[in-house]
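So the structure is just underneath, and the comments pick up after that.
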Amino acid sequence: MIILSIETSCDETAVAIVKFNKNKVEVLANIVSSQIKMHSKYGGVVPSLASRMHLKNMIPVLKRALKKANINLDQIDSFAVTNGPGLIPALMVGVSCAKSLSYFFNKPLIPVHHIEGHVYANWLKVVDNFKLWKPEFPILCLTVSGGHTQLILMKKDLNYKVIGETVDDAVGEAFDKVAKLLNLGYPGGPLIEKFAKIGDKNRFNFTRPMINSGNFNFSFSGLKTAVLYETQKVQKMDKKYKQDIAASFQQVVIDVLVSKTIKAAQKYKVKNIIIGGGVSANSELKRQINEKVNEELFGVEFHFPSIDLTTDNALMIAVAAYKHIESNKGIGDWKSVKADSNIRLKY
Ligand code: KG4
Ligand code: ZN
């Protein structure tokens with residue numbers, strides 16, 4: 001079974017070609033063309049520019065993937081595409097391309113929810129080549145990206161219950177906005193992480209938002225405003241000041257994410273905790289979750305995707321699509337698939 005998957009929900013044009021044979025996974029191609037350089041000039045992703053860049057890159061990226069995989073389009077068994085959520089002008093480029101391929105080659109088209117892709121990035125385990133993970137359920141997934149912050153409970157494959165989510169900004173958005181306040185550049189997450197490494201996380205005592213809210217929801221917009229007020233107190237931000245703000249901000253975010261994840265894992269008696277989305281690239285976040293899981297949760301394992309699968313890519317979309325094929329769920333054709341910027345995870 002060979003799947004060709006496409007991802008264009010934000011600022012990455014990505015195509016993967018993946019061969020699945022039961023639990024064995026052979027990645028024939030995994031191409032990601034990032035537009036970050038262009039958007040960083042504007043301090044964030046500009047949807048109309050993203051769309052134009054996807055249009056320019058879509059076919060060249062597809063051609064590169066086919067060349068790398070050394071196969072022709074008529075050898076593909078199924079196409080898959082991220083159909084949402086994301087920026088609608090960006091999503092439409094990938095969805096149109098996937099629909100055309102599905103129509104022309106008369107093969108199924110599997111629409112994949114972007115977050116479902118981030119979740120299933122955890123299923124790729126490196127053993128010789130790749131193997132699909134066979135986890136014990138229930139699983140708790142912390143999804144932390146530029147557009148999402150959610151705690152998702154999975155009782156079985158493709159079964160999602162959102163038990164908590166942000167009521168305002170996503171955590172990645174908060175990283176990006178704080179980086180902008182510190183004039184660090186875009187995307188902010190990796191830069192905040194770099195500055196935080198050397199900073200003093202105890203210098204600024206920002207409130208830990210909703211840490212004792214009694215539910216699993218999050219809020220990051222007030223924290224960003226607290227950082228803004230703090231930066232307005234100084235005339236000039238030197239490097240040390242920026243490092244200390246970055247470290248203090250990052251620790252507040254980590255404290256809230258870790259605390260809610262541990263409480264949810266205890267409440268729902270999960271066997272595994274996983275993480276997905278761009279912010280899961282943050283090594284301090286992973287280190288502290290791991291530490292708390294070992295200290296407080298007996299018999300629970302913490303898993304995370306390899307670093308190249310944390311930010312947007314099409315390989316994770318292919319894995320999620322394969323799970324749909326395996327369980328014969330959500331398989332569409334070119335007529336039924338639509339781009340939807342606000343699509344919810346179904347369960
Ligand atoms: O999943 P992703 O690539 O795109 C969306 O689906 O949104 O996530 C992008 C987000 C950005 O907000 C970026 O700043 C954040 O992930 N990010 C990080 C790190 N690397 C990327 N946040 C914190 N620490 C990082 N190392
Ligand atoms: Zn993403």
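The values are calculated or read from the model by the stated rules, or taken from the named source; none is laboratory data. What you see is a predicted model; the values in this text were computed from it and never measured. Here Cβ is always computed from backbone atoms with ideal geometry, including for glycine, and neighbour counts include all displayed protein chains. For the accessible areas, the whole protein counts, side chains as well, though only heavy atoms, and no ligand, DNA or RNA atoms are used. Shrake-Rupley method; radii C 1.70, N 1.55, O 1.52, S 1.80 Å.
Name the one entry in Asn342, Asn328, Asn294 that is of a type in the set (S, T, N, Q), within 16 Å of ligand 1 (Cβ to nearest atom) and surrounded by fewer than 21 Cβ atoms within 10 Å (Cβ to Cβ). Reasoning before the result, please.
Details: Asn328 fails: within 16 Å of ligand 1 (Cβ to nearest atom); Asn294 fails: within 16 Å of ligand 1 (Cβ to nearest atom).
Of the residues listed, the single one that is of a type in the set (S, T, N, Q), within 16 Å of ligand 1 (Cβ to nearest atom) and surrounded by fewer than 21 Cβ atoms within 10 Å (Cβ to Cβ) is Asn342.
Quick grid of which residues meet (1) within 16 Å of ligand 2 (Cβ to nearest atom); (2) closer than 24 Å to Ile198 by Cα; (3) crowded, with 22+ Cβ neighbours inside 10 Å:
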| position | (1), (2), (3) |
| --- | --- |
| Tyr229 | no, yes, no |
| Lys236 | no, yes, no |
| Lys271 | no, no, no |
| Ile275 | yes, no, yes |
| Gly278 | yes, yes, yes |
| Asn282 | yes, yes, yes |
| Lys286 | no, yes, no |
| Phe298 | no, no, no |
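Tell me whether the range 145-166 contains one or more residues that are within 12 Å of ligand 1 (Cβ to nearest atom) and of a type in the set (Ser, Thr, Tyr).
Yes; the residues of the range 145-166 include at least one that is within 12 Å of ligand 1 (Cβ to nearest atom) and of a type in the set (Ser, Thr, Tyr).
Yes or no: Lys194 under 19 Å from Leu257 (Cα atoms), within 11 Å of ligand 1 (Cβ to nearest atom), in a helix (DSSP H, G or I) and open to solvent by 60 Å² or more (accessible area, probe 1.4 Å)? Give the derivation first.
Numbers: under 19 Å from Leu257 (Cα atoms): no; within 11 Å of ligand 1 (Cβ to nearest atom): yes; in a helix (DSSP H, G or I): yes; open to solvent by 60 Å² or more (accessible area, probe 1.4 Å): yes.
No; evaluated as a whole, the condition is false for this residue.
Scan the range 178-206 for residues that are in contact with a Gly (Cβ under 7 Å, 6 or more places away or on another chain), farther than 22 Å from Val119 by Cβ and either more than 16 Å from ligand 2 (Cβ to nearest atom) or not hydroxyl-bearing (Ser, Thr, Tyr) (or both) and jot them down.
Looking only at the range 178-206, we keep the residues that are in contact with a Gly (Cβ under 7 Å, 6 or more places away or on another chain), and these are 178-180, 186, 189, 191.
Keeping just the survivors that are farther than 22 Å from Val119 by Cβ gives 178-180, 186, 191.
If the condition is that a residue be in contact with a Gly (Cβ under 7 Å, 6 or more places away or on another chain), farther than 22 Å from Val119 by Cβ and either more than 16 Å from ligand 2 (Cβ to nearest atom) or not hydroxyl-bearing (Ser, Thr, Tyr) (or both), then Val178, Ala179, Lys180, Leu191 are the ones that fit.
Which of the residues belonging to the range 63-90 are within 16 Å of ligand 1 (Cβ to nearest atom) and surrounded by 18 or more Cβ atoms within 10 Å (Cβ to Cβ)? Please lay out each step first, then the result.
Pass one, the range 63-90, residues within 16 Å of ligand 1 (Cβ to nearest atom): 81-90.
Val81, Thr82, Asn83, Gly84, Pro85, Gly86, Leu87, Pro89, Ala90 - these are the residues of the range 63-90 that are within 16 Å of ligand 1 (Cβ to nearest atom) and surrounded by 18 or more Cβ atoms within 10 Å (Cβ to Cβ).
In the range 253-269, which residue that is of a type in the set (Lys, Arg) and free of Cβ contacts under 8 Å to residues at least 60 places away in the same chain is surrounded by the most Cβ atoms within 10 Å (Cβ to Cβ)?
So in the range 253-269, the residues of a type in the set (Lys, Arg) come out as 260, 263, 267, 269.
Adding the requirement that they be free of Cβ contacts under 8 Å to residues at least 60 places away in the same chain leaves 263, 267.
Values: Lys263: 17, Lys267: 12.
For the range 253-269, the residue satisfying everything is Lys263.
Conditions: (1) closer than 25 Å to Ser78 by Cα; (2) within 13 Å of ligand 1 (Cβ to nearest atom). Trp334 meets all but one. Number of the miss?
(2)
Can you tell me which of Ala179, Ala90, Ala121, Ala174 is in a helix (DSSP H, G or I) and within 22 Å of Val27 (Cβ to Cβ)? So that I can check it myself, show each step before the final result.
Values: Ala179 fails: within 22 Å of Val27 (Cβ to Cβ); Ala90 fails: within 22 Å of Val27 (Cβ to Cβ); Ala174 fails: within 22 Å of Val27 (Cβ to Cβ).
Within the list Ala179, Ala90, Ala121, Ala174, the selection yields Ala121.
Please find, among Val61, Val95, the residue that is touching a Lys or Arg at 6+ places or on another chain (Cβ under 9 Å), in a helix (DSSP H, G or I) and over 21 Å from Ile275 (Cα atoms).
Numbers: Val61 fails: touching a Lys or Arg at 6+ places or on another chain (Cβ under 9 Å).
Within the list Val61, Val95, the selection yields Val95.
Name the residue, out of Ile163, Ile152, Ile115, that is in the same structural domain as Ile17 (by TED's automatic domain parsing), at negative phi and β-branched (Val, Ile, Thr).
Values: Ile163 fails: in the same structural domain as Ile17 (by TED's automatic domain parsing); Ile152 fails: in the same structural domain as Ile17 (by TED's automatic domain parsing).
Checking each option against the conditions leaves just Ile115.
Restricting attention to the range 17-59, which residues are closer than 19 Å to Gly86 by Cα, at pLDDT 95 or above and either open to solvent by less than 10 Å² (accessible area, probe 1.4 Å) or among the β-branched types (Val, Ile, Thr) (or both)?
Val32, His54, Met58
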